[in-house]
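Read the figures in this text as sums done on the coordinates, not as results from a lab. Here the structure is a predicted model, which is why all the values come from computation and not from measurement. Every residue, glycine as well, gets a Cβ built from its backbone with ideal geometry; the counts of neighbours run over all protein chains shown.
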Amino acid sequence: MNAALQKCQKIWTDVQIATLEPQVNAPYGLLSQYSLGVKHGKIEFITPSQQLDLTGFQGEIINGQGKTLTPGLIDSHTHLIYAGQRSAEFTQRLQGLTYEEIARNGGGILSTVTATRAVAEEELVEQGRPRIEALINEGVTTLEIKSGYGLTLKDELKMLRAAKQLAAGYPLRLRTTLLAAHAIPPEYQNSPDAYIELICKEMIPQVAAEGLADAVDIFCEKIAFSAAQSEQIFSAAKDAGLGIKVHTEQLSNSHGAELAASYSAWSVDHLEYLDEAGIIALQKSGTVATLLPGAFYFLGETKKPPVELLRQYQVPIALASDLNPGSCPLASLRLMLNMGCVLFGLTPEEALSGVTRNGAAALGIKKTTGTLSVGKAADMLLWDIADPAQLAYQFGENSLQQRIFAGEITHG
Ligand code: DI6
Ligand code: FE
């Protein structure tokens, strides 16, 4: 028995591994009849089962019985921390009001801001619990949570702290994002530039100093912030050493993607109205295009993101839930796999890459997670399926047999 194998704590034998590694020249980076060993939370080896000699191995052996192992799922865009809910707004929309009209009447994001400001950090943690558990139970091992319903220094910090406190109770990798520029707060309705200044001069530096966020995001849209205001935020984020993300081209083409690409953004998100010039900019900067089919579906949008052009320019595509109380109260990344295919025309392989490899890239952590390869985190899911496409094809019947986080079996 070789030395690498001897040092492993656990070995999964006889698994079909969907590595999602582009170097593995097969759909899904698939390796059949392989074994995988884990040491100190990381993948130590991946080898054909027939080459494995387990004589004398002291650790745990898990017989995979030919089942399929994939990377843990990564939900790279959520607004999971908030107070209250907006079913009344849903009812209004069904009666004919649009998301934009509701927002302009002071509802929408601002109604969640009122509810979120009114509660303590502990309460935000408790209200987020069923949502985070829903995601974890279906296989999410890395999750991003944004602020954006506080819109004051104190309340944005409260949201980020609540996200950290909530996630700390679960076997999960958390990335947090400051989205103070989500909406113009009521106090600044007549002076949005002063709010941008507050974000750049106070919020971003303090959040960076306290290590409360990995990235900064902004809603660049005609009902929110302009490209010029976005640029100030990107510049402050860059100075603070934080990653850059942007909500853009969701309801119109604000050219936020092109601008974000010029700041080497990690991701640009939504993108229904993205044009070819924006796509070329993304290709140059290596920025991930994050598609959010749940929000598209829930708002009954009809303009689809330019998937064929993204493919043509080989822009990496991530897929995420956008879980939030207004445009996507759907706490399921599995559902997004199906919607990404049915609504946007992604292939099941593109969809799965979007919630693994490209999700990791959208969070600036592609070196450590997102695919199954030696040296990466052993965040893995064992599924009772024969074809990885089943993850996008089926919904509701639970085929997840084991959820493994940093080498430990947390479910199953
Ligand atoms: N775009 C969205 O879809 C979410 N935020 C954003 O900038 C919606 C957030 C909400 O309606 O509460
Ligand atoms: Fe969002």
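Observations
- Take every pair of alpha-carbon atoms less than 8 Å apart whose residues are at least six positions apart; their mean separation over the length of the chain yields a relative contact order of 18 percent.
- For Lys367, a cut-off of 18 angstrom between C-alpha atoms picks up these aspartates and glutamates, skipping any fewer than 8 places away in its own chain: Glu21, Glu44, Asp75, Glu144, Asp214, Asp379.
- Listed by chain and number, the aspartates and glutamates whose alpha-carbon sits under 12 Å from that of Lys222, ignoring those within fewer than 8 places in the same chain, are Glu100, Glu249.
- Scoring 161-173, 369-381 by mean Cβ neighbours within 10 Å over their residues and listing the highest first yields 369-381, 161-173.
- As a rough guide to protection, the peptides 212-218, 299-305, 75-81 ranked by mean Cβ packing within 10 Å, highest first, stand as 75-81, 212-218, 299-305.
- Cα-based shape type of the stretch 26-151, given that a ≥ b ≥ c are square roots of the gyration tensor eigenvalues and the cut on a/c is 1.5: prolate
- Mean-position separation - Cα centroids, the stretch 14-85 and the stretch 161-194, in angstrom: 33
- Residue exposure proxy: Asp384, Asp239, ordered by other Cβ atoms within 10 angstrom of their Cβ from fewest to most, comes out as Asp239, Asp384.
- Comparing Cα centroids, the stretch 243-262 and the stretch 335-361 end up 20 angstrom apart.
- Global geometry of the stretch 133-290, whether rounded, prolate or oblate, following the gyration tensor of its Cα atoms and the 1.5 cut on a/c: oblate
- Residue list for the stretch 158-199, given a label point 7 angstrom along the Cα-to-Cβ vector of Glu126 and an amide N cut-off under 19 Å: 158-170
- Relative contact order %, the stretch 1-112, counting alpha carbon pairs below 8 Å whose residues are six or more apart: 27
- Mean separation of Cα contacts under 8 Å, 6 or more apart, over the residue count of the stretch 247-368: relative contact order %: 23
- Taking each DSSP H run with n ≥ 4 as -39500 (n - 2.57) and averaging over every residue of the chain yields -9500 deg cm²/dmol at 222 nm.
- Beta bridges assigned by DSSP with both partners in the chain are antiparallel in approximately 45 percent of cases.
- Overall form of the chain per C-alpha gyration tensor (a/c, 1.5; a/b vs b/c): prolate
- Neighbour count of at most 16 Cβ within 10 Å plus DSSP loop: longest chymotrypsin sites (Phe, Trp or Tyr not before Pro)-free window in the chain: 58-312
- Near-label residues of the stretch 103-142 by backbone N, under 19 Å of a point 7 Å along Cα→Cβ of Gln189: 103-118
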